[in-house]
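Only the coordinates and a few stated rules stand behind these numbers; no lab work does. These figures come from a predicted structure and were not determined experimentally. Cβ atoms come from the backbone with ideal geometry, glycine included; neighbour counts cover every protein chain shown.
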Amino acid sequence: MAALEIIKFDRARPEPDIVDRVAEHILLGGVAILPTDTVYGLIGDATADPAAEMMYTLKERDAQNPLPVFVDTAEGLYRWYIRFNPDYQKLTDEFWPGPLTLVLPVWPGFYLRVGGDGRSVGVRATGEPVVFSLMRKTNRYLLATSANPSGVAAENTDIKAWLDKFPGVRVIWLQPGDFTPQPVSSVIDLTGDMPVLLREGAIDEKTLKKVVPDLTVRR
């Protein structure tokens with residue numbers, strides 16, 4: 001059975017000692033399950049190979065399918081060699097923090113452990129207090145993917161039963177008392193000449209097109 005440590009906490013004002021404890025776990029290459037503004041997220045240090053490897057194992061995910069990353073602000077993207085066309089700042093101004101993932105190209109030197117071909121990464125900013133606190137405490141951007149095996153809807157996943165399939169894996173699960181999963185994030189690809197909606201989630205196509213009229217949809 002997985003070594004699953006469940007910790008109750010104040011979602012609106014995460015206790016500093018709990019943030020410190022989870023931050024230490026993450027900096028040592030561990031992973032945690034945290035509430036986000038959509039579903040529970042599986043979180044790890046985006047600069048740590050052990051965290052990335054564990055997340056791929058838990059997700060049963062192909063390493064060619066890169067892991068998304070949480071960032072604190074759009075302005076901070078450049079710190080991690082993530083390229084962001086300022087023409088699309090209106091998207092981050094309107095929807096960040098929030099349930100919008102942007103697939104962005106990266107500059108040479110990009111070193112986050114996200115898998116894939118190393119040419120792009122999915123990023124979003126969340127207003128979830130504990131995630132933001134952990135980014136500031138660890139001084140890291142965080143690998144962040146839904147806490148479910150690939151191919152199984154997050155809202156249908158029995159997290160404890162899922163993790164029990166991986167003996168020896170230690171996971172910290174922060175549980176607030178009032179968490180209700182919300183629709184997954186919408187995903188826009190900004191790596192090409194035109195913005196492409198890859199997944200319609202919490203923000204619908206019509207709302208996104210009000211901000212980016214030239215948005216096309218992958219069919």
Long-range amide H partners of residue 31, meaning residues 5 or more apart or on another chain whose placed amide H is closer than 5 Å, are 172
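Just check segment 103-154 against the gyration tensor rule for me: Cα atoms, a ≥ b ≥ c as the square roots of the eigenvalues, rounded for a/c under 1.5, and otherwise prolate or oblate depending on whether a/b exceeds b/c.
Values: a/c = 2.16, a/b = 1.09, b/c = 1.97.
Oblate is the answer for segment 103-154, as a/c is 1.5 or above yet b/c matches or exceeds a/b.
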Ordered by number, the chymotrypsin sites (Phe, Trp or Tyr not before Pro) in segment 111-142 that occupy a DSSP loop and have at most 16 other Cβ atoms within 10 Å are 111
Violations at 28 Å Cα threshold for listed pairs 8/165; 8/209; 8/137 -> 8/209
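Let me spell out the model: positive unit charges on the Cβ of Lys and Arg, negative unit charges on the Cβ of Asp and Glu, origin at the Cα centre of segment 99-202. What dipole size does that give, in debye rounded to 20?
Details: 10 positive and 9 negative charges, 104 e Å.
Here the size comes out at about 500 debye.
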Sorted by chain and then number, the residues having a modelled amide H within less than 5 Å of the amide H of residue 48, at least 5 places away or on another chain, are 113
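Assuming a ≥ b ≥ c are the square roots of the Cα gyration tensor eigenvalues, decide whether segment 46-108 counts as rounded (a/c under 1.5), prolate (otherwise, with a/b larger than b/c) or oblate.
Numbers: a/c = 2.33, a/b = 1.85, b/c = 1.26.
It comes out prolate by the Cα gyration axes.
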Scaled by the rule-of-thumb 2.2 N^0.38 Å, the alpha carbon Rg for the chain gives a ratio of 0.98
Long-range amide H partners of residue 84, meaning residues 5 or more apart or on another chain whose placed amide H is closer than 5 Å, are none
Whole-Å distance linking the alpha carbon centroid of segment 46-73 with that of segment 179-206 is 19
Under the Karplus relation with 6.51, -1.76 and 1.60 and θ = phi - 60°, whole-Hz ³J(HN,Hα) for segment 72-82, x at Gly and Pro, equal 7, 8, 4, 5, x, 4, 5, 4, 9, 6, 9
Partner lysines whose C-alpha sits under 23 Å from that of residue 210, ignoring same-chain residues fewer than 8 away, are 90
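Tell me, what is the FRET efficiency for residue 85 and residue 205 to the nearest 0.05, using R0 = 25 angstrom and their Cβ-Cβ distance as r? Mind showing how you got there, number by number?
Values: r = 21 Å, r/R0 = 0.82.
Once rounded, the FRET efficiency stands at 0.75.
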Extension length gain for residue 12 and residue 75 (0.36 nm per residue less Cα distance), in nm, is 20.2 nm
Hits in segment 1-34: amide N under 11 Å from the 7 Å Cα→Cβ extension of residue 164, namely 1-2
Classified through the alpha carbon gyration tensor (a ≥ b ≥ c as square roots of its eigenvalues; rounded if a/c is under 1.5, else prolate when a/b is larger than b/c, else oblate), segment 20-59 comes out oblate
HN-Hα couplings for segment 199-206 via Karplus (6.51, -1.76, 1.60; θ = phi - 60°), in whole Hz with x for Gly/Pro, come out as 8, 8, x, 5, 10, 7, 4, 4
